[in-house]
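Below is one structure, written out as structure tokens; comments come after it.
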Amino acid sequence: MSWFQNLSIRSKVMTAFAVVLAVTILLGTFSITRLSAVNDNAQTIASNYLVAIDGLGDFAYGAVRYRQVQASQMLASDLAGKKEEEKKLAEALEQANQGWEKYVATVDAGYERGVADKLHAAWTDYVAENEKLMELSEAAKNEQATDYYTNELRATFTKVQDLLNEDKAYQRKASDAQVKSADDTYASSRMLIMVVLGAAAALCVAMGWLIVSGVSTPIRAMTGAMGRLAQHDLTTEINGSERKDEVGQMAKAVQVFKDSMIESDRLKAEQEEAQRATAKRAALVDQLTRDFDVKVQGVVQGVASQATQMEASAQSMSATAEEATKQASAVAAASEQGAANVQTVASAAEELSSSIAEIGRQVSHSSQIAATAVTEAAKANEMVQGLLNASQKIGEIVALINAIADQTNLLALNATIEAARAGEAGKGFAVVAAEVKNLATQTSKATEEIGTQITSVQGATQNAVNAIASIGKTIGEIDQIATTIAAAVEEQGAATQEIARNVEEAAKGTQEVSANIGGVTEAANSTGAGANQVLTAARTLSKQSGDMRELVQTFLTQVKAA
């Protein structure tokens with residue numbers, strides 16, 4: 001009966017009622033047909049045989065009275081009495097004729113028609129012979145009249161009675177046959193009606209069983225599955241989704257609900273894993289920040305120290321140049337002192353160059369770390385963005401579950417209406433429909449709670465996206481600062497090379513002092529200019545190292561705050 005299971009609940013109920021109605025109509029039609037047969041027999045008896053017997057009875061009564069009045073007329077003592085009896089005789093004849101007319105209207109062709117014709121002919125002869133009796137009686141020929149009455153008329157009247165008895169016997173026999181036919185029809189109809197009634201009852205029970213097994217049992221099973229799913233038993237099997245009726249639609253909706261719960265658990269696990277990965281990356285960024293802080297502080301302190309030393313050297317060289325200009329007479333001693341100072345400046349320049357190179361390497365390394373941090377922040381942003389998209393998909397699934405619950409609620413309401421229309425037969429199904437409606441309402445409330453939680457997750461995820469975007473922006477600014485520092489370091493390297501070149505020129509000048517004392521003044525001036533340049537570069541380097549310290553400190557503060 002898979003075709004019956006694939007019908008909708010409304011179609012099942014309508015089919016059951018249609019079958020019951022068809023059986024009822026069939027039983028009613030059959031009963032009416034058999035009752036019509038019994039009624040036809042009764043009508044035949046009532047309208048034919050009873051009327052015929054009644055008409056023959058009236059005719060017989062009129063005929064007997066007619067003969068009795070004939071005797072009374074003969075016994076009348078005078079003519080007036082005879083005339084009075086003749087009036088009664090006419091009345092008796094009229095009564096007999098009326099009975100005959102009533103009877104003859106029911107006569108069928110065949111045997112009955114022949115008997116009726118003979119009876120009518122005999123009665124006509126008897127009435128015709130009455131004229132002779134009346135003549136003899138009125139002529140006071142009583143003896144002849146009596147002889148005629150007791151012989152000729154009796155013979156004719158006996159013939160009338162015999163034919164009348166024959167006709168009555170036929171009527172009784174025919175009516176008995178009709179009664180027997182009616183009894184047989186009633187007996188057979190009673191038996192057939194009982195058989196059909198039993199078959200109809202069995203068919204109604206079968207249809208009731210089909211409705212119970214096709215609707216009530218699957219709905220109870222579906223209710224149990226919903227209860228187990230409500231307890232988060234995801235191993236529950238959802239049966240009946242292959243059905244084409246409302247039970248199949250409910251099974252599909254519950255299957256979607258189960259799949260959504262499984263997907264929700266999977267997304268929750270992925271979210272927890274993403275949170276652990278984010279925490280791990282945050283710890284890594286914190287460690288890298290600490291390492292970067294330590295290294296940059298060391299580099300900045302080294303640069304500041306070298307800048308201070310170079311500034312002192314530049315001031316000393318400037319003082320030496322001035323002294324060389326004022327004391328030209330002490331050129332030899334001053335040139336020796338200048339050579340020593342130049343060597344000191346050269347050593348300081350070499351150390352400054354090494355420090356600047358180290359700063360360049362550290363800045364390059366910090367730039368790489370910042371780039372790596374930007375990449376990691378972008379990846380974290382993508383993962384959190386994926387989490388946000390997943391939460392939005394969960395929200396859509398929750399909306400779908402809520403729509404399914406609304407549809408289930410609507411189906412339950414329709415089932416309740418159909419059950420109400422079904423009356424007493426639909427009370428049990430109305431209870432099941434109310435339970436399904438209650439479950440659909442609970443499902444709707446649960447999906448609303450899930451939707452609220454999903455909204456909270458989406459808000460938190462959006463905040464995480466904004467925070468990671470801020471971190472990425474901050475790290476990008478750090479990368480730009482590191483690039484600026486690298487450019488400044490390159491400029492400082494160029495200045496240091498210029499200092500080294502000037503120091504080298506100063507050394508050559510001091511070496512030539514002894515050979516060419518006339519160029520002392522020019523060399524001293526050149527040395528003073530170079531010392532001023534060194535002093536300016538040293539001050540610039542000191543200022544840039546301070547700026548770099550502030551930028552690094554700001555960068556670390558922002559990273560830690562992020």
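None of the figures in this text is laboratory data; all of them are computed from the coordinates on show. Values in this document were obtained by computation on a predicted structure and should not be read as measured data. Don't worry about glycine lacking a Cβ; one is built from the backbone with ideal geometry, like all the others, and counts go over all protein chains shown.
In this calculation the C-beta distance from ARG276 to VAL431 is compared with R0 = 35 Å, giving a FRET efficiency of 0.10. Arranged from fewest to most other beta-carbon atoms within 10 Å of their beta carbon, LEU164, LEU50 become LEU50, LEU164.
Residue order for SER470, SER444, fewest other beta carbons within 10 angstrom first, comes to SER470, SER444. With coordinates expressed along the principal axes, the C-alpha atoms belonging to the stretch 2-227 extend over 119, 31, 19 Å, beginning with the largest.
With K and R counted +1 and D and E -1, the other residues having a Cβ less than 15 Å from that of LYS118 yield a net charge of -3.
Measuring spread by the Cα atoms of the stretch 51-158 yields a radius of gyration and Dmax of 15.0, 48 Å.
Ranked by the mean number of other Cβ atoms within 10 Å per residue, highest first, peptides 97-109, 51-63 order as 51-63, 97-109. Our summary gives the stretch 194-260 a relative contact order of 23 percent, counting only alpha carbon pairs under 8 angstrom and 6 or more residues apart. Relative to the Cα centre, the charge distribution of the stretch 2-227, modelled as +1 at Lys and Arg Cβ and -1 at Asp and Glu Cβ, gives a dipole magnitude of about 1960 debye.
Highest mean packing first, where packing is the average number of other Cβ atoms within 10 Å per residue, the peptides 185-191, 247-253, 123-129 line up as 247-253, 123-129, 185-191. For the pair LYS252 and TYR170, a Förster radius of 51 Å applied to the C-beta separation gives a FRET efficiency near 0.05, rounded to the nearest 0.05. This ranking places MET14, MET261 by how few other beta-carbon atoms lie within 10 Å of each, fewest first, which gives MET14, MET261.
For the stretch 2-227, the relative contact order works out to 33 percent when only alpha carbon pairs closer than 8 Å and six or more residues apart are counted.
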